[in-house]
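The values are calculated or read from the model by the stated rules, or taken from the named source; none is laboratory data. Predicted model only: the values in this text are computed from it and were never measured. Here the Cβ positions follow ideal geometry from the backbone for every residue, glycine too, while neighbour counts run over all protein chains shown.
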Amino acid sequence: MDWLVEVADEAAVQLDPPRAARARGARACAASSSPRARHRRSGTSSRASSRPAAGVDEDPVTGSAHCALAPYWAGKLGKTALTGYQASARGGTVDCTVAGDRVVLGGRAVTVLRAKLL
């Protein structure tokens, strides 16, 4: 990510940013405490919401982005486990656990392709 823009609240994150703003690499994010999204392992309800940045055309959840967002929010909120919510058109959540210099992601997923490399 090029830029992380913290906005006042989760409602501001859900506003549809112009494509030009996303193309400059900006990712809007905000913290919230929501009982709607509990971290599956820790049971915490700390949550950070975000919108996609450059080159990511509204995927439901972007794992690589949450690997950057999780340490930022973990430090700011004083927690190592939180739930990331990507406020895209389809939306989606990912459990994030900061473990030293690593971020462990978890949650529900759907297999859309299987392949075997020779």
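Per-structure values
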| read-out | value |
| --- | --- |
| Hey, residue 82 at pLDDT 80 or above, in contact with a strand residue (DSSP E or B) (Cβ under 6 Å, 6 or more places away or on another chain) and either among the basic types (Lys, Arg) or outside any helix (DSSP H, G or I) (or both) or not | yes |
| Candidate set: segment 85-118, residues that are touching an Asp or Glu at 6+ places or on another chain (Cβ under 6 Å) and in a loop (DSSP other than H, G, I, E, B); chosen: the one modelled with the highest pLDDT | 107 |
